[in-house]
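What follows is a single structure, written as structure tokens, with notes after it.
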Amino acid sequence: MTKERGDILQGTLDLLVLKALQLEPMHGWGITERIEQWSEQVLQVGQGTLYPALYRLERQEFIHSEWRVTENSRRARYYALTRSGRKQLEAELAQWRRNSRAVNQVLAATTP
Amino acid sequence: MRWIRESFRRLRGVVRSDELEQGLDDEIRFHLEQQIAKHIKAGMAPEEARRQAYLKFGGVARTKESARDELRPVLLQDSLRDIRHGIRALRRAPGFTVVAILTLALGIGATTAVFTVVKGVVINPLPYPDADRLIVVQHWASGMNTKIPFTMSGAMLSTYTDENRTFQQLGVWSRTTASLSGGDAPEEVEGLRVSQGTLPALGVEPALGRWFAPGDHVRGAPDAVILLDGHWRRRYGADPKVLGREVLIDSRPHTIVGVMPEAFRFLTETPEILLPLRFEPAELTLGRTNHYGIARLKPGVTLEQAAADIARIIPIYLQNWPSFPGVDRSVFLRAHPVPAFVPLKDSVVGSAGEMLWVVMGTIGIALLIACANVANLVLVRAEGRRHEMALRSALGARRGRIARELLLENLILGLTGGALGVALAFGGLRLLATLAPRSIPRLQEVSLDPAVLGFALVLSLLSAVVFGCIPIVRHAGARLGHVLRGAGPSAGVSRERHRARNGLVVLQVGLAMVLLIASGLMIRTFAALRAVPPGFSEPNSVQIARLSIPAGEVADPDQVLRMQLGIRERVAAIAGVSAVSFAGREPMSKAPGRSVIMVEGRPETDEAVSGTQPIRWFRYVGPGFFRAVGTPVVAGREVTEADLLEHRAVAVISENLAREVFKDPEAAVGQRIRETGESPWREIVGVVGDIYDLGLQEPAPPIVYWPTLMEEFYGAPVQLQRAVTFAIRSPRAGSEALLSEIRSAVRTVSPNLALARVSTLGDVYDRSMAGTSFTLVMLALAGGMALGLGGLGIYGMIAYSVSLRTREIGIRTALGASRRGLEGMFVRHGLVLAVVGVIAGGAAAVGLTRLMGSLLFGTSPHDPAIFGLVALGLVGIATVASWLPARRAGRVDPMRTLRGE
């Protein structure tokens, strides 16, 4: 379902979005900025995939949205983690760690 | 559980999607603006900043589209796609689709039509408020030798009304005919006389005016009449100012006090007017139970409580009233009447209920066969699509998804068939209404309503599930390797894969067996009934019509008799009329009088012990009536004009009565009988053949035929039949030409007389068989359908089996199998299925036909001839149905098939 541009590993966008929202509610643009900033501009979030992901997460009730006014008084939709979203984040993080460790081990293995 | 939660979420998505959709535009705009602002801040030119922002965003429209995809209720969307897909798939197989839909439409349509009738007639037949509190008040003469309940008298009504604690209302009613004159044309209509409690018991308020008031039931008060809707529209053009108008009924002025609403029905009667029943308290006695009783129970009172209440009152009634003139009180005491109440609904529905349930069951079985047939078709189709299904699941389609698509296809079939079926049912109801016997109450009023449509919908869905599940179970999870390896649809067929289809064919044959046996039994019943000599001959050439001369018109009984004889003479002069006479009522008509008779010289038949004597039917005849209807005179002679004109005390009795009492018809002539201990003796002048007065299914009752004019009958100085049925034998019976000649003959005698209830004796005869004919037609239709579908099922099974096994056949031929041997192999397959079906169906029929026992006549529900014939016929048809496709097996060219693979 998710069409990646190759800049974000397939399947990790949801995890990144949840992680970005872990500290505070944010609007869509803020999320892309946050991810790019944290990844030191390595990960480029394609907005074409961000919004479908946000809507999907909202439908799954991992996040929850509301319209708010920004600091420079613009109207924007802010997304926040729900309780089940936090659980999902933890679960996905654990999963990610397991997988990445496994992948790293495979990659670190020396050929016999 | 998870999918339930998910569905809820998606459903909520439907509700919220509008709001989200709108937000999406704003959100994307905000995002782009932020991005542009960021670029500008970094020192980019505004134009470039905008370009970069859009570039980075990557296709606004596409983003919106894919976001929207997330919003949309996926299940619904998928379903819509599946439905489109399903319709496309069905359109690719038009032959299959048309046959399946038509088969279902027929099955569902027929079942819906019959259900409509059953619902309207059996489940919900009484159009009265709280109809379950209405009962028929009648009695058993438990001390008498009779199976027929007796009804109510004025004296009973009076005592019961005063003493009962369980009735809210109690009323009695009886039929009457009324001559309407004073208008443009004299007219004779059917009416009812009702006592005071009758209309309040039914509880239907008049559309105009009022019910009868207590004063209307007092003799000598001004006469009142209530019109029924049909009469009001026909004769008064639905004039709302009709109340208070006077109308001449039986030559006496009556005031119209009310008009009943259109929806009002009086049980199964078809009156045009209602008249108040009037009892003179001074004239009430025991006996005279000439009225039907109806009561509305108080809320919460049961039928049994009411019966116990009346059982308590009956001794009071027997004590309080004078005995019937000429009959000792002890006769009534010994008759020992006890309440025999039944719910009004049972009484109204009567035997029609049983007949309709049988028809309903029959049609239901036919629907089941239709479903089996469609299931078979679906299976064949699914076999052909195994390759497609396997390929699809190899390409990643989930098992559930394929199942859902198959189910949807079946639902589309089921619902389309159902919709078409409802249309068919609509037409079928019209047909049923003309086909069905009049004994089915309220048939003209049944119609499709929401409950029926709901029934049809449930039926369609159920059918879809029934015929749809088997292929789904078998194919949704087709192991792909298994199928793909098999190299397409012509691969060898495993035994296991055939089991479902074999089972369906056996089911079809078995059900067809049940239906055909039921039809066969009805055909035998019909033939047996046709073979019963009704007691009259060539009824289709006997014209009958009622004619009444009211007392207000001509008071003197002798003058009325002379008018009746005069009419007889004038009608006899009409060309082509070979015989004509009149009688109190035509044969096979409702409600003859019944009582005991006493025989001269037989003290055991005297009143003192007459309580134990059998009940005889009383009818009244004019001169030469038996010649007119074609009943043979077995001994002696008929009643003559002279008997009537001279008031001779004579009687004619039926042959079975003569044999029972006098051993021999000849011996009966000259003997004397009388109806009470104080009446004059009346000489038996003749014995006539038995007439099946109660219908052909019942034994002919013993009948006493009295003259239409008698002296001292039951103590009345003169008893005269003022309303008589004329029977006119002519080859032109039933034609308008003859009728108009009869009418002008009547007019020469009196211009104020009108003919009523014009028909032929043949109609009366047909009506007595109407229930049987109707059941027969319905069963034959269902049976024919079952036979056709069953044969088709076997044919399809064998044909398909042949087409699947061509390779095997080719190999066998190549190895030297004979053509005949190959054909035999397939015919044997068909025969095995048929025989198993016949045995199973026969076993089921043994149990099921017992349910229709009461509809049968002259045959046992387990008639071995019918069972044998149907079994043979089915096996024969199965042989033909398997042999036709089996021939193809013999013609298979081994080289071509083997090379073809």
Q. Taking helices (runs of 4 or more DSSP H) that do not extend beyond the stretch A:18-112, which have at least 2 residues that are surrounded by 17 or more Cβ atoms within 10 Å (Cβ to Cβ), more than 11 Å from chain B (Cβ to nearest Cβ) and within 14 Å of the chain's Cα centre (by Cα)?
A. A:28-38, A:83-108
(Q) Condition first: of a type outside the set (Phe, Trp, Tyr) and closer than 30 Å to residue B:699 by Cα. Now tell me which residues in the stretch B:818-857 satisfy that. (A) B:845, B:846, B:847, B:848, B:849, B:850, B:851, B:852, B:853, B:854, B:855, B:856
Q | residue B:734 surrounded by fewer than 22 Cβ atoms within 10 Å (Cβ to Cβ), in contact (Cβ under 8 Å) with a residue 60 or more places away in the chain and not in a strand (DSSP E or B) | A | yes
Q) Checking residue B:888 against (1) surrounded by fewer than 19 Cβ atoms within 10 Å (Cβ to Cβ); (2) at pLDDT 85 or above, which test does it fail? A) (2)
Q) Quick one: is residue B:42 farther than 19 Å from residue B:404 by Cβ, exposed (fewer than 14 other Cβ atoms within 10 Å of the Cβ) and modelled with pLDDT of 70 or more? A) yes
Q: Return yes when residue B:770 is among the small types (Gly, Ala, Ser) and at pLDDT below 80 and no when it is not.
A: yes
Q: Give the residue that is surrounded by the most Cβ atoms within 10 Å (Cβ to Cβ), with candidates limited to residues of the stretch B:422-474 that are among the charged types (D, E, K, R) and modelled with pLDDT of 75 or more.
A: B:449
Q) In the stretch B:246-272, what residues are more than 22 Å from residue B:131 (Cβ to Cβ) and assigned to a loop (DSSP other than H, G, I, E, B)? A) B:250, B:251, B:272
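The values are calculated or read from the model by the stated rules, or taken from the named source; none is laboratory data. Please read these numbers as outputs of a predicted model, since none were measured by experiment. Cβ atoms come from the backbone with ideal geometry, glycine included; neighbour counts cover every protein chain shown.
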